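Read the structure below first, then the notes.
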């Protein structure tokens with residue numbers, strides 16, 4: 001072996017070794033196998049398991065309405081009108097927080113800093129006829145939590161899993177004490193950890209894809225964080241309070257609240273958006289329909 | 001535009017469509033191809049139903065002025081949403097005579113966004129499901 005090839009081999013070995021170390025670094029939290037005591041402790045958690053959907057109305061014609069808490073029973077935080085949809089046309093499509101804001105002089109949506117207001121105006125000025133949701137791109141957080149489709153909460157030791165029917169999505173919320181990553185990769189759902197504050201599930205999420213919009217044309221920075229608080233207000237009614245903070249993009253935290261209703265006779269169905277999607281928006285922003293696909 | 005769309009949708013909405021704060025909630029649905037300010041009506045016979053995500057498509061054959069028929073295509077809500085609200089894969093039969101209200105395609109092709117249909121059985125179908 002020549003000196004040169006030895007040096008090359010050594011370099012390759014170093015790169016491989018460094019790569020391995022970096023990978024281990026990213027995976028340093030090791031999930032433990034739950035013990036019998038861990039499973040027994042699950043019984044003491046609030047009864048979140050099941051299929052929930054946002055909204056205020058009964059889903060099936062002819063069935064008695066689901067009992068909602070009386071007004072004032074679950075007062076939202078100051079400046080927030082509960083259970084209402086913020087945002088604009090993109091609400092529920094791409095972007096769109098899961099509700100809140102608006103009535104009685106409260107902010108109608110996220111209040112942007114001057115720099116991000118300029119970004120919003122620039123996006124709005126492009127006059128795209130539609131968003132990428134027309135091409136089946138999921139909305140990411142927080143919009144995915146406000147879709148007109150159910151979500152199943154599954155509690156297991158050290159984890160809450162939310163199976164979201166819309167776009168067939170899953171959120172993984174680790175409640176085993178692991179820390180949030182210091183420098184997370186940007187993702188549509190971010191990276192989430194949770195803990196129980198009494199009967200409230202508190203979820204903190206960081207690291208969001210720049211593709212996500214908060215409401216129509218409303219971008220965020222890489223410093224965005226989302227805090228969610230879930231709690232039961234009656235056996236089949238859950239309140240979901242979502243607070244978005246972003247020191248670069250928002251002048252103040254943006255909080256929305258929404259009600260989830262448990263449907264004990266529902267199961268999550270499949271939703272393959274690409275199955276027969278005839279809508280589209282092209283790179284220039286022009287939208288249309290493919291009728292002869 | 002947003003307000004107009006919202007109003008149009010809320011006007012046609014049943015209890016199952018959510019019209020919170022003047023905003024229509026819809027997963028995926030693109031309104032860009034439809035004239036949301038217009039509503040048209042056509043009678044025809046069901047030719048085919050695509051019971052698929054992200055949206056169902058209902059095709060009917062309608063008589064053309066001067067003879068012959070023409071196929072209309074209508075985009076509706078999703079099978080997931082409708083299955084839970086009384087409108088199932090077998091609600092519409094091939095050949096069933098129905099009257100469809102719709103928001104027409106902007107490009108003039110026959111069809112558009114499904115608003116409602118009256119069935120011979122007396123059932124009314126909307127984006128929010130089936131009602132007697």
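A few points about this structure:
- Of the peptides A:134-142, B:45-53, the ranking by mean beta-carbon count within 10 Å, highest at the top, reads A:134-142, B:45-53.
- The mean number of partner chain beta-carbon atoms within 10 angstrom of a residue's beta-carbon across peptide A:272-280 is 6.
- Region B:30-131 - percent relative contact order, Cα under 8 Å, separation 6 or more: 29
- Ordering of A:144-155, A:243-254 by packing is A:144-155, A:243-254, highest average first (other Cβ atoms within 10 Å, averaged per residue).
- Efficiency of FRET between residue A:127 and residue A:30 - r from beta-carbon atoms, R0 45 angstrom, step 0.05: 0.35
- If you plug the beta carbon distance of residue A:43 and residue B:107 into 1/(1 + (r/R0)^6) with R0 = 51 Å, you get a FRET efficiency near 0.30.
- Virtual spin-label span in nm between residue A:276 and residue A:195, 7 Å along Cα→Cβ: 4.9
- Bridge type composition, region A:109-289 - antiparallel percent by DSSP, nearest 5: 95
- Normalised by the number of residues in region A:109-289, the mean separation of alpha-carbon contacts (under 8 Å, six or more apart) gives a relative contact order of 24 percent.
Laboratory data are not the source of any read-out in this text; all were calculated from the coordinates shown. No experiment lies behind these values; they were computed from the predicted model shown. Ideal geometry is used to build each Cβ from the backbone, glycine not excepted, and the neighbour counts take in all protein chains shown.
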